[in-house]
Amino acid sequence: MVKEQFVGEHYQDIGELNREVRAEYRKLNGDLRGKDILSVEQFDGETIARVLERADEIEVMTREERHGVLRGKHVTVVFYQPSTRTFTSFMRAAQELGAEVMGLQGMDQFSSVAKGESLEDTTWALEAYETDLIVLRHFADNSALIAADETDIPVISGGAGKYEHPTQALLDLRTLVKESPLEDPRKMHVGFVGDLKYGRTVHSLSRLLAITGVGQISFISPESLKLPRPILTALQNDGVRVVEVENLAEIIGQVDALYVTRIQEEWFAPEEYEACMAMAKSYWITPEVMQLMKPEAIVLHPLPRKEEISKAVDRDPRAVYRRQMNHGLYVRMALLSLILES
Ligand code: NCD
């Protein structure tokens, strides 16, 4: 029920949403204490550096030390859309730091949302039970903003509709920095391939790279899966070198990192999805395609994957998507600790 309500919603809103989260009071300015994380537009270079540094600090802590970081705090992880990684890693991150955690999945099925409860009212309920922070994943593009405006406790977006997935972008950035021999995104040519239209991870990471600086971004897709125009315009306005190409073979030998995504089936009508899948085959990453890539280039994927990266590619040392998940645990611990530590 909840899903259908949001299918067909349009991208024109993205410019508006971005303007709202860019508003001065949402900017992080290096200090995350008590703040919401709704969009990468809130970040600047200093704040990104602070998150990555904190992730490094936590990575080398002992378990004992980690357990003390959020002792006495309570975190609620509430998801309306399916998730393996984001849900589990936020749960683990909060537990590992010593917080108590309540995890609610399948909200549209198992909570009063199935009776028609609004996101605003659900947010009130969570706040009433004295949790210190809410992590939210929801079908609506503006869901994280709505929840954040309804409560004084911090809200972290764990993915909002087709719009953004800011914590994924931060973990993707850590993956680029740690796994590429170039180390610095400003030296990298990053290629994005797959569903650039509905892939919220693509939207967030490309915008985050505009903030850190990036050598070049190439968006590789058929016409029907192209990046939404407001995001492309925002990147161009920020001076990012951006190229759009339809043919993967044309560009694959030039990229230093390739970010692969699945076709977001949930946002397509069935016939439209079939048509996209038929076209998407020419973008599948196979061992033959890997031979065209630079020897030191890396391949990322936010997961879940379908057929867009063949299983045989997993053995290639340049495939870093398995380690990418582990970077997510540290980045989420970093965010929780920076927001909740007093
Ligand atoms: C992504 C998402 O939910 O947007 N998954 C994730 O959080 N790792 C990507 C996807 O679903 O395709």
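Data for the structure
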item	result
Filter result for GLY68 (more than 19 Å from SER157 (Cα to Cα), more than 16 Å from the ligand (Cβ to nearest atom) and part of a helix (DSSP H, G or I))	yes
When residues of the stretch 71-89 are limited to those that are away from the ligand (no atom under 16 Å from the Cβ) and free of Cβ contacts under 8 Å to residues at least 60 places away in the same chain, the one nearest to TRP267 (Cα to Cα)	THR76
Test: residue in the stretch 312-334 that is within 16 Å of the ligand (Cβ to nearest atom), of a type in the set (Gly, Ala, Ser), farther than 20 Å from GLY191 by Cβ and part of a helix (DSSP H, G or I)	yes
Residue ID - surrounded by the most Cβ atoms within 10 Å (Cβ to Cβ), chosen from residues in the stretch 62-89 that are among the basic types (Lys, Arg) and over 20 Å from the mean Cα position of the chain (by Cα)	LYS73
Candidates ARG200, ARG207 - the one that is within 16 Å of the ligand (Cβ to nearest atom) and without any contact (Cβ under 8 Å) to a residue 60 or more places away in the chain	ARG200
Any hit, the stretch 156-165, residues being part of a helix (DSSP H, G or I) and in contact (Cβ under 8 Å) with a residue 60 or more places away in the chain	no
The stretch 35-69 - residue that is in contact (Cβ under 8 Å) with a residue 60 or more places away in the chain and of a type in the set (Val, Ile, Thr) and, of those, farthest from GLN95 (Cα to Cα)	VAL40
From ILE252, ILE231, residue being away from the ligand (no atom under 16 Å from the Cβ), in a helix (DSSP H, G or I) and in contact (Cβ under 8 Å) with a residue 60 or more places away in the chain	ILE252
Selected residue (criterion: surrounded by the most Cβ atoms within 10 Å (Cβ to Cβ)) from residues of the stretch 95-105 that are away from the ligand (no atom under 16 Å from the Cβ) and not in a helix (DSSP H, G or I)	LEU97
Candidates VAL260, VAL193, VAL245, filtered to the one that is farther than 15 Å from GLU308 by Cα and either crowded, with 20+ Cβ neighbours inside 10 Å or more than 15 Å from the ligand (Cβ to nearest atom) (or both)	VAL245
Boolean, ASP149 is at pLDDT below 95 and either outside any helix (DSSP H, G or I) or at positive phi (or both)	no
Meets criteria (basic (Lys, Arg), in contact (Cβ under 8 Å) with a residue 40 or more places away in the chain and assigned to a strand (DSSP E or B)) for ARG174	no
Evaluation of ARG92 against (1) within 16 Å of the ligand (Cβ to nearest atom); (2) surrounded by 17 or more Cβ atoms within 10 Å (Cβ to Cβ) (one fails), failing number	(2)
Number of the exception - TYR273 against (1) within 16 Å of the ligand (Cβ to nearest atom); (2) touching a residue at least 12 places away in the same chain (Cβ under 8 Å); (3) within 24 Å of TYR198 (Cβ to Cβ); (4) in a helix (DSSP H, G or I)	(2)
Candidate set: the stretch 124-146, residues that are over 26 Å from GLY199 (Cα atoms) and part of a helix (DSSP H, G or I); chosen: the one farthest from the ligand (Cβ to nearest atom)	ALA128
Checking LEU303 against (1) buried (at least 21 other Cβ atoms within 10 Å of the Cβ); (2) on the phi > 0 side of the Ramachandran plot, the condition it does not meet	(1)
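The values are calculated or read from the model by the stated rules, or taken from the named source; none is laboratory data. Quick caveat, the model's predicted, so the values are computed rather than measured. In this analysis, Cβ positions are derived from the backbone assuming ideal geometry, glycine residues included, and neighbour counts consider all displayed protein chains.
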